[in-house]
1. Considering only residues that are at pLDDT 95 or above and among the basic types (Lys, Arg), which ones fall in the stretch 439-481?
2. Could you please tell me which pairs satisfy a Cβ distance under 8 Å, a separation of 6+ or placement on different chains, a first residue in the stretch 713-726 that is at positive phi, and a second residue that is surrounded by 19 or more Cβ atoms within 10 Å (Cβ to Cβ)?
3. Restricting to the stretch 640-656, and then to whatever is touching a strand residue (DSSP E or B) at 6+ places or on another chain (Cβ under 7 Å) and polar (S, T, N, Q), can you tell me which residue is surrounded by the fewest Cβ atoms within 10 Å (Cβ to Cβ)?
4. Just one of (1) surrounded by fewer than 21 Cβ atoms within 10 Å (Cβ to Cβ); (2) over 28 Å from the mean Cα position of the chain (by Cα); (3) closer than 27 Å to residue 657 by Cα; (4) not acidic (Asp, Glu) trips up residue 537, so point out which.
5. Checking residue 810 against (1) within 15 Å of the chain's Cα centre (by Cα); (2) crowded, with 21+ Cβ neighbours inside 10 Å; (3) of a type in the set (A, V, I, L, M), only one condition comes out false. Which one?
6. For the stretch 196-210: of the residues being farther than 15 Å from residue 124 by Cα and β-branched (Val, Ile, Thr), which is surrounded by the fewest Cβ atoms within 10 Å (Cβ to Cβ)?
7. Of the residues 179, 124, only one is assigned to a helix (DSSP H, G or I) and surrounded by 13 or more Cβ atoms within 10 Å (Cβ to Cβ); which?
8. Counting only residues that are closer than 29 Å to residue 275 by Cα and within 18 Å of the chain's Cα centre (by Cα), give me the helices (runs of 4 or more DSSP H) lying completely in the stretch 869-948 with at least 3 of them.
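The values are calculated or read from the model by the stated rules, or taken from the named source; none is laboratory data. Owing to the predicted nature of the structure, the values given are computational and were not obtained by experimental measurement. Because the Cβ atoms are built from the backbone with ideal geometry, glycine has one as well, and the counts that use them run over all protein chains shown.
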Amino acid sequence: MSQISYNDEIKLVDHLTRVLEHRLAGRDPRRHVARQPVDVCQLGVLAPYDPNADTYKQPSSLGLEFMVRDGEPGSIEVEGQLAFYVRRLPTLAEQQSVAGEASGGGEGTLVEVIERCDLSFGPLELPLADGDDRGHIQQLLDKATQSLAARADAWRVIDRRPSVPASATTSAEAFTKWLQGALENRPLDIPPLKVRLQVVARHYGDRKRVTVYLRNETPQGDNPTENNYRIIADVRLRVRVQGTLVPVEILPVAEDYQFDRDVWVVGRNCGALREGNCLTTRCLAISRQKRMTTRSEPPAPFQDLAQRPLEVLQGIHEAMRAYAQSWERELDRRGYTGEFAEAARADLRQFREEIHRFAAGLAALRADARLEQAFTAMNRVFACISPYPSWRLFQIVFIVSQLPALALREGKTAGEWAGERYEWADDLDRAVVLWFPTGGGKTEAYLGLVCTAMLYDRLRGKRLGVTAWLRFPLRMLSMQQLQRAMRVLHGAEQERLALGLEGDPFRLGYLAGRGNSPNQLDDAELQRWSQPGEREKLRLVPNCPACGGLDTVEVHPQAARLCFEHRCRQCGYQLPLDVSDAEVLRHQSTVVVGTVDKMAALAYQPALSMLWQVRRRCPQHGYFLDKCLVKNCSVNSRQLQTVNTYDPGPSLHIQDELHLLQEELGAFAGHYETTIRSLEPKPAKVLAATATIAGYEHQLRHLYGVRHAVRFPGRGMDRYRTFYSEVARDEGQEKIARVFLAFWSRPHPAESSALVHRILLDEIKRLASNPYELSAVVGRTLSPDEASALIQLYSTSLAYVGSRANGSRIKDTLESGQLFRVEYTHNKSTPAHIAQVVSLIENPPPFGSESFLDALVATNMISHGVDLERINLMTLDRLPGTVEEYIQASSRAGRQHVGLVVVILASYNLRASSVYSRFVEYHDNLERMVHPVAINRFARFALHRTLPGVLASVLLGRSRSGVNRLWEREGARQYLSQQRLQVLRELKEAYCLGAGVYPLDLEQAMAVVLEEELDRLQVTLSSSQERYLTKAIHPMTSLRDVEEGVLVNLAASYSVEDAKWFTRGGADGTG
């Protein structure tokens, strides 16, 4: 059994960092044939001085900026290195490596060779005042260039490179003799390089701001080609300050007692590091992110919770109270004052509220023996399916804290624990957002709660219907959570059978747009999706939860029952999976997973109200409201069964990746969320999950119409130590989760990204073929199994791209020469292709084989919900536009092992330059730079867009005795004319007006707009000639339809199939 340690990983990552810096800086090899200096060196490049340069040009200076106390005696010591390139005459071998091969050994143009020359200087002692190095570095540079010019292979000034005759290539002597003759009397080519170290000091009260620059003052040449040889490259400076350093800047983020905003040194056209009074430039900027881990004490093992739950949970409760007491003492000791004291006390109060809600969960368990039985059964499920033996602390506290919401379904509003009474009658009016860093286990936490709710439903007599509706902003997210949810569902079903609980088997449903899975099913639709290519799209869960078979699940259409069967070819197990809207509704899937966009379909598919109400059941096709959902159903009406659903509707609404619901999408989603909440017989508990959060109270209230919003977990007494988490350690040292690197891209960002991948993957392949050197890198002798395991962790890289064009460019570059196998996934990739790629990464073939995947190129479709242990090398071809995206994207690497993330920065981008200059401080405060979500449900435009769909949903989503044909325009018109006040009341409830949640002036203004828009729709219904309601009022087909659609009439000669090419339904819409 191979055992890879953290020390092995961090040493390998540090080695890869050194190799990357060495190669990007062009430090080896020193001579290059037919290449230009700017192609060889990517770091610390200073262009010749251009007085007219703008931000799009390469800089001509590089340095550090810092601040010292004024009035004290002080100075600086500066030392550094730089490189420059000179042209050389080629050797015969160099000439033949390019020109000879191209000409078949005959004549060829004389090739250019460049040679790197390194120069070190210092330490130079300089005063903390305006000045320079007094020509010291220039003298060293002049001496070096003169020495190089004296060599026999010095390049000559020539107008046009001569052709080399075949006779000159017969031997080295013949080639040298030909060169002497061809270039006789030609002047030497010596670039007029000029450099200067400059110090600029400015006084600010009792402080002095000092900037130390190395400047390339070489004049611009007459043509761009000449300027390529006038660069100064790989500049590195080290400044030791003799004096008292003070912060030079404060980051523009809010003051916080747990964070340090001070910036001690700013890089100018580079990154910067500070170690005491020693300041260093870093052209390959670096920042190290600590790895947080959940605390293991007190433990919460699945087996113990399944056997003696209250005893284990009591231990956690006591530990929480003890932590709060120690926090109180620590605050007294620290003696915070002012805003810091207020903020620290507020954090402590929030933790005490977490203790209270956890205790209320314990009281709920004690108040209802069925709930306790469901909780213990859920723990037995996770003991069987989880790769871990216990819950993480935040997971179990979260699950228990939500149990009162389940007890409310049975009318239990209070209970006792440890002699105290706890009440939770208002719990459903409190939305909870589960916040934890990416990869921390949020999904498992809410799946544990869902599992408890499913089993509790059966124990309390709910034999059918939806227990939980999980919604995701992106199609990819919902698909990738299906596999995890299926494992839980399968385990829960085995537990249900073991307990002998009556009711329908647990099923998992996928509710997304028509382009992803079918809406309605009939014989023609079933036939269409039965084609091999289309059927593969429905294979959303490729792995079998019963036998653990990988990629063994196959899809088989069933004409008799009009559904799709998902069966494992290895063990024959039939997965309880519904992938079409019709199946989800007819089979009453217990857990529904889908996209947010699907809510817009409420207006077009009245049957979606079956998520919270059904009346009858067809023995062949399943449940329905008034008429079997299968057209022309042949089942005799006497065989149809009347169904009395106990507590219809979901107990839980769960929104993952909450931060993506913003702006128009957030406002539209909020209107539909509150509409669904108004239609359900009982409101569900609203839960959300995210790894990036700011302004969650405002967002949750505008989305769900709840009075209160809670974040769980809150902060601890220290940034890096809370009740739930702490910094992971290895033999006493703090573990690093990710090493971030960044540099300015000189060529196209896609080319720089591809270059980074080539460097890293080449080095991994080299170490794989030389295990002794790999052992030297990690500092211990690795066994063959250990060497192989370590290489596997870093042998597949991820290129995150901001555009599909960049992705194609990187893929093509890496695949050129057939050195690497590359896959590219983007928003148009099929589920089958994505599943294949994920399988290749999770279950790799032998390293070095033709089928081994070296690199994955992906757009932002991979930035949420993708958890791949082997992705630990990553590039981003740009700095993402938001901090949220940056956090989510970079978190794809280093989820369990040390990750290396390389960011390619655009030198002309001011934001990227600012981050580059303050790279360490930026990453130290990354989570605090997340912007609050912009969402306003009261925007008039939002109501104008959503009202047609909300009106249709309200009319069709409720059971109305004696009222028929509301889906027809005329029926809706008549009902609206007769019952306008009733409909208006229902619409106000749908928009959460009059519930006391929002400010009265906003509600009143929205009510006025609502009546105006309703008047407009009534006029439309009266004047339209359409038969159907939705055809007349045009509800949104997708929550992403910001603009109103335009009606297009096709000419008789135009193909309908061709027109479908323009539809948006195939991406994420409801279709």
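1. Selection gives 458, 460, 462, 463.
2. Note: no pairs meet the criteria.
3. 642
4. Evaluating residue 537 over (1) surrounded by fewer than 21 Cβ atoms within 10 Å (Cβ to Cβ); (2) over 28 Å from the mean Cα position of the chain (by Cα); (3) closer than 27 Å to residue 657 by Cα; (4) not acidic (Asp, Glu) leaves (2) as the failure.
5. Among (1) within 15 Å of the chain's Cα centre (by Cα); (2) crowded, with 21+ Cβ neighbours inside 10 Å; (3) of a type in the set (A, V, I, L, M), the lone unmet condition for residue 810 is (1).
6. Among those that are farther than 15 Å from residue 124 by Cα and β-branched (Val, Ile, Thr), it is 200.
7. Of 179, 124, the one residue that is assigned to a helix (DSSP H, G or I) and surrounded by 13 or more Cβ atoms within 10 Å (Cβ to Cβ) is 179.
8. 883-890
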